[in-house]
Amino acid sequence: MACGNVEGMDPADPARGPGQLVGNGAPVSDGNFVGGNDTMPSPRDGGPDAVLGTLDCDGECRAFCDGLGLENPVNVGLCGSAWGVGLALRPVDRAEACRRLHADFLGRFPTPIEIAETCNPDRPWGDVVTDLLATDEYVLVNQRRWADELLYNNRAVNFERAFDMDELVGKTYEGRVSWDQFAAVTSAHPVVMRRHDTAGDRAEFMFKLFLGRPPYEHERSDLGRLYTLWNNGYWTHPHLGVLPDAFIQFPCVDADGRPDPGSIGECTSTQWGYHELTLAPQTQRLEREGEQEGLMWSGFLTASEWETLQLPGRIIASEPAFWETAVDNALLQYFGYDLAAGVPEVRHELVRHLLAYNGDIRSLHHAIATSFAYLQTTEGASATDLRWTYGPLKQISVEGWIDSIKRSTGIPLSNCDHRLPHPEDYVGEQAIDEAGGWAYALVNHSRWDIDGEREVEGDYRGLARTLGGCPSNEVGGRFTTVSVLNTAVQEAFVAEVCGLGNDGISLDRLLPEGVSAQQALDASTAESILSHQQRLFLGRSLNDPERELATNAANTCTPAPCTAETFARPACFALLSSSEMLFY
């Protein structure tokens, strides 16, 4: 349609905002991150008994650690609390590491082919991590995380701003925007400004987001003075009508747009140096309609004005706690616990590492994923109760659980688009009549699927939202819980997928090559079926207890003789509803 060709109004590329102005040049680093080729050290002989809590790293301990030649910053920081004091870590096997890395970096479990090829034992682990860092899925996982943080909602914020912020996050995790620049742009982004009512609210949100704590009252009020220019209002989109968006007002300036000596203090921060923040109004850009008189739509801001408004983010990024918070958040993301609280040296080394790569957030993720603290098994008992002496164990996200099942079984499920939580507002006969097809094109170009009756496919969204994922972000975001309701919903979904009581997925996926549906079930056949499904769903081979379970199931199956299908479908249910599909 012609409306889709209007400059700045392409429904296939609706992003508009300050994110478009940055990250358009060379990457902030070369992407060749060190630390992926360390060799796991043996613990120092004669070190103190770590189990008794005597973890002081003395001079001999320091000399031992310095002599190891470690490059990975996590390993360097951890040495004085591990190998240097005589404490061994527990290496993970390649298949478990591959499964963990895919769940963390790509948001889903790996396929058998990915375990065999991408994570091939002949490949250096650093290369595996680097490859996954370069994928679109890695970027998408982090875009979804930031959508949760910023609560995208197209009923509360102009959807164009959410798309722009999403692209800014994408550029950051592609290494094209440094972390301090990301914070600066975010600090004055309409998707954030429109979500908060007052200047103090905006200052407090930014403090929590990038400094990891709420501000003290004097910090809140002081930084809030730099947010007095922002206001909330509504803007009329040429195709979609009235949309919520952020506006600019012009306090603290005189009639000529110069700082007014009598009121400039209301727009000045003095907590981190002396910083005035004003903009000069231009009559042709001001709203003249009723309640918005004297305000300017943020879409009229120039590149230099956007940069001026990003002063709060630059101030926040000048604080040492800014970089420490970035490290702490990444450690929590990948370990599931606060490693830096137990071993502060890890935080110190990672901050140095991140700054050495000009704030390229990928360097931080690469260092963590190639560290020996990350590459530890969760299997078996640990020799100590120190959290860093055994591997991370986390619950997979709702989308990760659904996407893993979707990918391994081939079930026809639709998708979820975190940028547009309420796509139903833009499809259907009424929306098409009102927007002339532009709104329909917007949703059609997004990740949402539309059925033959021009309605949004809701199977994925319905399942995910029941379990806490794909949030609508009305007030709060996603939730993570293990409850009776969750268990019932998950098991009902898995039962449907595996064909308990209905057709389910094709048996071709559940049976190994050469085994037919009506083949008589014996111990060998049962083991073959379970082995096939376990590789498909869990990415690993059977162990001895699992082989015994398969044999016992074949011998006790009733009414005998059972068939391969009789065993294959319940086996599918057991594996897909197991704790191993929920935790990694």
Quick one: which residue in Gly400, Gly380 is open to solvent by 10 Å² or more (accessible area, probe 1.4 Å) and either under 17 Å from Ala97 (Cα atoms) or at pLDDT below 95 (or both)?
Gly380
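Name the residue that is modelled with the lowest pLDDT, counting only residues in region 462-486 that are within 24 Å of the chain's Cα centre (by Cα) and part of a helix (DSSP H, G or I). Reasoning before the result, please.
Let us first name the residues in region 462-486 that are within 24 Å of the chain's Cα centre (by Cα), namely 462-483, 486.
Filter once more, so that each one left must be part of a helix (DSSP H, G or I): 462-467, 486.
Numbers: Gly462: 94, Leu463: 94, Ala464: 94, Arg465: 93, Thr466: 90, Leu467: 91, Asn486: 69.
It comes out as Asn486.
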For the subset of region 176-211 comprising residues that are touching a Pro at 6+ places or on another chain (Cβ under 8 Å) and part of a loop (DSSP other than H, G, I, E, B), which member is most open to solvent (accessible area, probe 1.4 Å)?
Arg176
Region 321-363, residues that are open to solvent by 70 Å² or more (accessible area, probe 1.4 Å), touching a residue at least 24 places away in the same chain (Cβ under 8 Å) and at negative phi
Glu324, Asn329, Glu345, His348, Arg352, Leu355
Go through region 252-261 and give me each residue that's touching a Cys at 6+ places or on another chain (Cβ under 9 Å), assigned to a loop (DSSP other than H, G, I, E, B) and either among the charged types (D, E, K, R) or without any contact (Cβ under 8 Å) to a residue 24 or more places away in the chain (or both).
Asp260
If you check every pair at least six apart or on different chains, which have Cβ atoms under 7 Å apart with a residue in region 99-118 that is touching a residue at least 40 places away in the same chain (Cβ under 8 Å) and within 19 Å of Ile396 (Cα to Cα) first and a residue that is acidic (Asp, Glu) and in a helix (DSSP H, G or I) second?
Gly107/Glu137; Gly107/Glu399; Gly107/Asp403; Arg108/Asp403
Under the condition of being assigned to a helix (DSSP H, G or I), more than 17 Å from the chain's Cα centre (by Cα) and not basic (Lys, Arg), which residue from region 149-163 is nearest to Val475 (Cα to Cα)?
Phe159
Ile264 vs. criteria modelled with pLDDT of 95 or more and either of a type in the set (D, E, K, R) or closer than 21 Å to Met193 by Cβ (or both)
no
Here is a list of conditions, (1) open to solvent by 80 Å² or more (accessible area, probe 1.4 Å); (2) modelled with pLDDT of 95 or more, and Asn555 meets all of them except one; can you say which number that is?
(2)
Given the conditions (1) touching a Phe, Trp or Tyr at 6+ places or on another chain (Cβ under 9 Å); (2) more than 15 Å from Asp417 (Cα to Cα); (3) open to solvent by 30 Å² or more (accessible area, probe 1.4 Å); (4) free of Cβ contacts under 8 Å to residues at least 60 places away in the same chain, report the number of the one that Thr130 does not fulfil.
(4)
I'd like to check something: does region 228-237 contain any residue that is out of contact with any Lys or Arg (no Cβ under 8 Å at 6 or more places or on another chain), closer than 22 Å to Tyr274 by Cβ and touching a residue at least 60 places away in the same chain (Cβ under 8 Å)?
yes
What number of residues within region 507-532 are in contact with a Gly (Cβ under 9 Å, 6 or more places away or on another chain) and open to solvent by less than 20 Å² (accessible area, probe 1.4 Å)?
1
Go through (1) open to solvent by 10 Å² or more (accessible area, probe 1.4 Å); (2) out of contact with any Phe, Trp or Tyr (no Cβ under 9 Å at 6 or more places or on another chain); (3) of a type in the set (D, E, K, R) one by one and return the number of the condition Asp164 breaks.
(1)
I'd like the residue in region 267-284 that is surrounded by 15 or more Cβ atoms within 10 Å (Cβ to Cβ) and assigned to a loop (DSSP other than H, G, I, E, B) and, out of all such residues, is modelled with the lowest pLDDT.
Pro281
Over region 212-227, the set of residues within 18 Å of Ser263 (Cβ to Cβ) and either basic (Lys, Arg) or open to solvent by 20 Å² or more (accessible area, probe 1.4 Å) (or both) is Ser221, Arg225
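The values are calculated or read from the model by the stated rules, or taken from the named source; none is laboratory data. Predicted, not measured: the structure shown is a model, and the values here were computed from it. Please note: Cβ atoms are built from the backbone with ideal geometry, for glycine as well, and neighbour counts cover all protein chains shown. Note: accessible area is taken over every heavy atom of the protein model, side chains too, but ligands, DNA and RNA are not part of it. Shrake-Rupley method; radii C 1.70, N 1.55, O 1.52, S 1.80 Å.
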